[in-house]
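Student: I have a structure here, written as structure tokens, and I will follow up with some questions on it.
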Amino acid sequence: MAAVRRRDTVPEVLVRSHLHRMGLRFRLHDTRLPGSPDIVLRRHNTVVFVHGCFWHGHDCPRGKTPSTRQEFWLPKLIRNRKRDQLQVRSLRALGWRVLVVWECETKDETRLARRLRRWFRSI
């Protein structure tokens, strides 16, 4: 697990690239905010989390719980989901808009770009 990166993952870099192409400017990993969001767009009062499907328990094939050592993995993945929910609630209570992009959503860049444009057009 030491090889698992926390920052600058491929999905995160893809999302940042699309946001930058849209002309949006942002800060990365603001530790002053709950959950240290991956991307912070202060001008738009929006934070973006780019979640790995496995680590954050997405309901796609990549988010499947391992069949071995479930006594280790299940509590860990459940804690991750609960922590994510708490962070989103805390950020919304502070007035932030929260966008969660899943790793599997970054595989189709056209759909990703369309989703990001739609999200920021509504601001």
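Read-outs throughout are calculated quantities, based only on the coordinates presented, and are distinct from any laboratory measurement. These numbers were taken from a predicted model, which means no experiment stands behind them. Here the Cβ is made from the backbone with ideal geometry for all residues, glycine too, and neighbour counts use every protein chain on show.
Student: Would you kindly state how much longer the chain becomes between residue 20 and residue 44 on full extension, computed as 0.36 nm times their sequence separation minus their alpha carbon distance, in nm to one decimal?
Tutor: Roughly 7.3 nm would be gained on extension.
Student: Per-residue ellipticity at 222 nm for the chain, helices alone: DSSP H runs ≥ 4 residues times -39500 (n - 2.57), over residue total, nearest 500 deg cm²/dmol?
Tutor: Per the formula, -13500 deg cm²/dmol.
Student: Compare the peptides 43-53, 73-83 by average per-residue count of other Cβ atoms within 10 angstrom and give them in order, highest first.
Tutor: 43-53, 73-83
Student: Report the rotationally averaged projected area of region 35-75 based on its alpha-carbon convex hull, in square nanometres.
Tutor: 3.9
Student: Please give the length that would be gained between residue 93 and residue 118 if that part of the chain were fully extended, namely 0.36 nm times their separation in residues minus their C-alpha to C-alpha distance (nm, one decimal).
Tutor: Result: 6.7 nm gained on full extension.
Student: Also: Of all DSSP beta bridges located in the chain, what percent are antiparallel, nearest 5?
Tutor: The antiparallel proportion sits near 45 percent.
Student: Moving to a separate point now. Once a ≥ b ≥ c are taken as the square roots of the eigenvalues of the Cα gyration tensor of region 64-106, is the result rounded (a/c under 1.5), prolate (a/b larger than b/c) or oblate (a/b not larger than b/c)?
Tutor: Oblate shape, in that a/c is at least 1.5 and b/c is the bigger or equal ratio.
Student: For region 1-65, treating each Cα as an identical point scatterer without solvent, what Debye log10 I(q)/I(0) comes out at q = 0.14, 0.25, 0.26 1/Å?
Tutor: These q points yield log10 I(q)/I(0) values of -0.47, -1.14, -1.18.
Student: Could you list log10 I(q)/I(0) for the chain at q = 0.15, 0.21 Å⁻¹, which the Debye formula gives when each Cα is one point scatterer?
Tutor: Scattering profile of the chain, log10 relative to I(0): -0.72, -1.32.
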